[in-house]
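Worksheet: the structure to be examined is printed underneath.
The values are calculated or read from the model by the stated rules, or taken from the named source; none is laboratory data. Computed from a prediction, not measured in an experiment: that's the story for all the values here. Cβ: placed from backbone, ideal geometry, glycine included. Neighbour counts: every protein chain shown. Side chains included, ligands, DNA and RNA excluded: accessible areas come from the protein's heavy atoms. Shrake-Rupley method; radii C 1.70, N 1.55, O 1.52, S 1.80 Å.
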Amino acid sequence: MNAIKMAAIALILAGVLAMAVGGFTYTKDTHEIKIGTIELSLNQTQTVNIPLWLGLGAIGLGGLILLLAGNKK
């Protein structure tokens with residue numbers, strides 16, 4: 001399997017994963033205060049949504065690449 005077909009399959013899998021998950025969250029450290037022996041920190045949770053059209057576009061582009069690459073024997 002050549003690199004183009006592997007990239008196309010990776011695009012399709014990434015599109016399916018994006019549609020299944022829909023987004024991800026991460027924690028961001030925003031403030032940290034140290035007063036003597038007391039330490040206070042503020043963590044903020046951020047959410048990133050992955051649009052549906054992006055997942056569908058990745059699946060479509062991966063499929064198109066697979067069709068265009070074809071079997072060259």
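The table that follows gives values for the structure above.
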| quantity | calculated |
| --- | --- |
| Residue that is least open to solvent (accessible area, probe 1.4 Å) [pool: residues in the stretch 28-73 that are small (Gly, Ala, Ser) and outside any helix (DSSP H, G or I)] | Gly70 |
| Residue, nearest to the chain's Cα centre (by Cα), within the stretch 39-57, restricted to residues that are within 13 Å of Ala20 (Cα to Cα) and touching a residue at least 12 places away in the same chain (Cβ under 8 Å) | Ile50 |
| The stretch 1-20: number of residues that are more than 12 Å from the chain's Cα centre (by Cα) and without any contact (Cβ under 8 Å) to a residue 24 or more places away in the chain | 3 |
| Any hit, the stretch 18-38, residues being under 18 Å from Leu66 (Cα atoms) and not hydrophobic (A, V, I, L, M, F, W, C) | no |
